[in-house]
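Participant: Here it is: the structure, laid out below.
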Amino acid sequence: MSKSESRRALVLASSAGIGYACATALASEGLSVCLNGRDADRLEDAERKLLGRHPHAQLSSCVADLNLDADRQHLLSQAGDIDVLVLNMGGPAATTEALSLDDWQSAFETVFLPMADILDQVLPGMMRRGWGRVVMISSVAVKQPIPNLLVSGVFRTGLANLVSARAAQAAPSGVTINSILPGRILTARQSNALERDARRAGVSREAYERTVSAAIPMGRLGLPEEIAHVCAFLCSEGASYLTGQHLLVDGGAYKGMF
Ligand SMILES: NC(=O)c1ccc[n+]([C@@H]2O[C@H](COP(=O)([O-])OP(=O)(O)OC[C@H]3O[C@@H](n4cnc5c(N)ncnc54)[C@H](OP(=O)(O)O)[C@@H]3O)[C@@H](O)[C@H]2O)c1
C-alpha cells in the first residue's frame with residue numbers, strides 16, 4: 001500500500017463544484033475521501049459520479065450543514081482521524097455595499113466561524129500523529145476586494161491570517177496548511193453569478209462571459225479541475241516544505257506580482 005492509499009481525506013462542501021473536483025483529484029491519488037454537502041440526494045449523485053470515473057475510489061459521505069454547530073460536530077465524529085482536510089464552503093451570497101449589523105454578524109457566522117472551528121478541531125490530531133495537510137479554498141477577494149462580495153474578502157482575509165498563524169504552529173509536527181485563492185472558476189455558483197451580472201448589464205450570458213474572459217490573460221475562466229490539481233499537489237507528500245502560503249490560481253487575472 002502506498003502512503004497516499006493509507007491517507008484519509010475530508011473534503012468539505014464537495015457534492016459539486018470546486019469541492020467535488022478536489023475530492024475527485026484526491027480519490028484518484030488513492031486517498032480515501034469523505035464527501036460532504038447539505039443534501040443527501042446530491043451527495044449520493046456525487047458519490048455515484050465519482051465512482052463512475054474512479055471505480056476503485058474509497059468513498060464515504062456525510063450530510064452536514066457546515067453553518068450548524070451540531071452538524072459540524074456530527075461530521076467530525078463521522079470522519080474520524082483525518083490526514084488531509086480541504087476546508088471549502090458554499091460561499092456567501094452577493095450583497096450590496098451597504099451592510100447591516102445583521103449582515104456582518106451572519107457573514108462572520110457563515111464564512112469565518114465554520115472554517116476556523118473545523119481547522120482548530122482537526123489540527124491537534126494531525127499534529128499528534130505527526131503528519132497532515134490542510135488546504136483552504138478561499139478567494140482572490142483576499143488580495144483584491146470584490147465590491148459585491150465584500151464579506152467574502154473581509155472574513156477570508158481573517159481566515160488567511162489564521163492559516164498562516166496555524167501553519168507556523170503546526171510546521172514542527174509535519175503538518176502543512178495553505179490556501180488556494182481561485183479566480184473565476186466555471187462552477188454552478190459562477191454560472192449563476194455570470195447570468196445575474198449579464199442580466200444587470202443587459203447583455204447575453206455569452207457576451208458577458210466573453211468580456212470577463214478578455215480581462216483574464218488566459219482568455220478564459222478556469223475549470224474546477226484546475227483548482228483540484230493544485231489542491232492535490234498541496235496535499236501530496238512532495239509538498240512537504242510548502243506551508244502558510246496563499247496561492248492565486250486565476251489565469252493571471254490579478255495584476256500584482258506578490
Ligand atoms: N467558482 C468560483 O469562481 C469561485 C471563485 C473564488 C472562490 N470560490 C469559492 O469556492 C467555494 C466553492 O465554490 P463553488 O463555485 O465550487 O460552489 P458550488 O458549485 O456552488 O458548490 C458548492 C458546494 O458546497 C456545498 N454547500 C453549500 N453550502 C453548504 C453548507 N452550508 N454546508 C455544506 N455544504 C455546503 C454545495 O452542496 P449543497 O448545496 O448540496 O449543500 C456544493 O457541493 C465557495 O466558497 C466560493 O465562494 C469560488
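Participant: Where does the chain land at 222 nm, in deg cm²/dmol rounded to the nearest 500, when only DSSP H runs of n ≥ 4 count, each adding -39500 (n - 2.57), divided by all residues? Let's see the in-between values first.
Facilitator: Values: 9 runs with 117 residues, N = 258.
Per the formula, -14500 deg cm²/dmol.
Participant: Another question, if that's okay. Report the relative contact order of segment 2-100, percent, no decimals, based on alpha-carbon pairs under 8 angstrom and at least 6 residues apart.
Facilitator: Numbers: 161 pairs, mean separation 32.0, N = 99.
The normalised contact order for segment 2-100 reaches 32 percent.
Participant: On a C-alpha basis, how far is the centre of segment 165-227 from the centre of segment 75-108 in Å? Whole number, if you could?
Facilitator: Using only Cα atoms, the two centres lie 17 Å from each other.
Participant: Would you please classify the overall shape of segment 20-133 from the alpha carbon gyration tensor, given that a ≥ b ≥ c denote the square roots of the eigenvalues, rounded means a/c under 1.5, and beyond that prolate means a/b larger than b/c while oblate covers the rest? Numbers along the way, then the final one.
Facilitator: Working: a/c = 2.24, a/b = 1.45, b/c = 1.54.
Because a/c hits 1.5 or more and a/b fails to exceed b/c, segment 20-133 counts as oblate.
Participant: Could you list SER60, SER100 so that the one with the fewest beta carbons within 10 Å of its beta carbon is first and the one with the most is last?
Facilitator: Values: SER60 15, SER100 9.
Listed from fewest to most nearby Cβ atoms, that is SER100, SER60.
Participant: Which ³J(HN,Hα) values in Hz, rounded to whole numbers, follow from the phi angles of segment 67-73 under the Karplus curve 6.51 cos²θ - 1.76 cosθ + 1.60, where θ = phi - 60° and Gly and Pro get x?
Facilitator: 7, 10, 4, 4, 5, 5, 5
Participant: Taking the number of other C-beta atoms within 10 Å as the exposure measure, put PHE258, PHE108, PHE155 in order starting with the fewest. Let's see the in-between values first.
Facilitator: Details: PHE258 5, PHE108 15, PHE155 24.
Ascending Cβ contact count within 10 Å gives the list PHE258, PHE108, PHE155.
Participant: What are the ³J(HN,Hα) couplings of segment 211-225, residue after residue, when phi is run through the Karplus curve with 6.51, -1.76, 1.60 and θ = phi - 60°? Round to Hz, x for glycine and proline.
Facilitator: Values, residue by residue: 5, 4, 5, 5, 8, 10, x, 5, x, 7, 6, x, 9, x, 5 Hz.
Participant: Which residues' amide hydrogens lie under 5 Å from the amide hydrogen of ASP250, considering only partners 5 or more residues apart or on another chain, with H built in the peptide plane?
Facilitator: Long-range HN contacts for ASP250: GLY183.
Participant: Taking H placed 1.01 Å from N in the peptide plane, check which residues at least 5 places from GLY222 or on another chain put their amide H under 5 Å from its amide H.
Facilitator: ARG184, ILE185, LEU186
Participant: Could you work out the local net charge near GLY244, counting Lys and Arg as +1, Asp and Glu as -1, over the other residues with Cβ closer than 14 Å to its Cβ? Walk me through the numbers before you get to the answer.
Facilitator: Working: positive: ARG133, ARG166; negative: none.
In short, +2.
Participant: From the backbone phi of segment 112-129, what are the Karplus-calculated ³J(HN,Hα) couplings (6.51 cos²θ - 1.76 cosθ + 1.60, θ = phi - 60°) in whole Hz, Gly and Pro given as x?
Facilitator: Residue by residue, segment 112-129 yields 7, 4, x, 5, 5, 4, 5, 4, 6, 7, 7, 4, x, x, 4, 5, 4, 7 Hz.
Participant: Same structure again: Would you pull out the residues with amide H under 5 Å of MET136's amide H, same chain only if 5 or more places away, H placed 1.01 Å from N?
Facilitator: For MET136, the qualifying residues are LEU87, ASN178, SER179, ILE180.
Participant: Over all directions, what mean area does the Cα convex hull of the chain project, stated in square nanometres?
Facilitator: Details: hull surface 56.3 nm².
Average of the hull's projected areas for the chain equals 14.1 nm².
Participant: Report the net charge of residues surrounding ASN148, where surrounding means a beta-carbon distance below 13 angstrom and charges are Lys +1, Arg +1, Asp -1, Glu -1. Mind dumping the intermediate values first?
Facilitator: On the way: positive: ARG196, ARG200; negative: GLU97, ASP103, ASP197.
Local net charge: -1.
Participant: Sequence gap at least 6, Cα distance under 8 Å: using those rules, report the relative contact order of the chain to the nearest whole percent. Walk me through the intermediate numbers first.
Facilitator: On the way: 452 pairs, mean separation 49.6, N = 258.
This gives 19 percent for the chain.
Participant: May I pose another question? Are there any trypsin sites (Lys or Arg not before Pro) in segment 1-93 that are in a DSSP loop and have at most 15 other Cβ atoms within 10 Å? List them by number.
Facilitator: Values: sites: LYS3, ARG7, ARG8, ARG38, ARG42, ARG48, LYS49, ARG53, ARG72; in loops: LYS3, ARG7, ARG38.
The qualifying sites are LYS3.
Every read-out reported here was derived from the displayed coordinates using simple, explicitly stated rules and does not represent laboratory data. Because the structure is a prediction, the values reported are computed rather than measured. Reconstructed Cβ throughout: ideal geometry from the backbone, glycine too, with neighbour counts over all protein chains shown.
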